[in-house]
Amino acid sequence: MRIDLGFWSIADWSAFVLTLAGVWQLSSHKKSGFVINAFASVAWVAIGIHSGLSGLAVLNIILILIYLRGYIKK
């Protein structure tokens with residue numbers, strides 16, 4: 001098993017960790033979860049565009065809007 005430590009691999013794992021941290025905060029009813037998940041989604045959009053995965057990019061753009069709505073409403 002080879003571990004790739006290129007920029008996009010690090011971005012991928014960072015987005016993964018941010019997503020988990022954001023979901024953890026949301027499950028604890030903390031408003032910071034919306035912000036953390038929004039940053040994770042921005043990273044996922046960049047990864048999706050770089051990788052040619054338009055579905056991933058579009059999904060995360062929509063999720064950013066949902067997180068912003070949740071942040072404002074909470």
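Numbers at a glance
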| item | result |
| --- | --- |
| Residues (part of a helix (DSSP H, G or I) and not hydrophobic (A, V, I, L, M, F, W, C)) located in the range 22-39 | G22, Q25, S27, S32, G33, N37 |
| Total residues in the range 1-39, condition within 16 Å of K74 (Cβ to Cβ), of a type outside the set (F, W, Y) and surrounded by 15 or more Cβ atoms within 10 Å (Cβ to Cβ) | 8 |
| Some residue of the range 10-19 being touching a residue at least 12 places away in the same chain (Cβ under 8 Å) and closer than 18 Å to Y71 by Cβ | yes |
| Residue list for the range 62-74, filter: loosely packed, with under 15 Cβ neighbours inside 10 Å and out of contact with any His (no Cβ under 9 Å at 6 or more places or on another chain) | I62, L65, I66, L68, R69, I72, K73 |
| For T19: the one exception among (1) assigned to a helix (DSSP H, G or I); (2) at pLDDT below 95 | (2) |
| Residue that is exposed (fewer than 13 other Cβ atoms within 10 Å of the Cβ), part of a helix (DSSP H, G or I) and among the aliphatic types (A, V, I, L, M), where the choices are V58, V42 | V58 |
| Breaking point among (1) assigned to a loop (DSSP other than H, G, I, E, B); (2) under 23 Å from L68 (Cα atoms), for I47 | (1) |
| So I64, is it in contact with a Ser or Thr (Cβ under 6 Å, 6 or more places away or on another chain) and among the β-branched types (V, I, T) | yes |
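The values are calculated or read from the model by the stated rules, or taken from the named source; none is laboratory data. A quick note: this is a predicted structure, and the numbers were derived from the prediction, not measured. All Cβ positions, glycine included, derive from the backbone under ideal geometry; neighbour counts span all protein chains shown.
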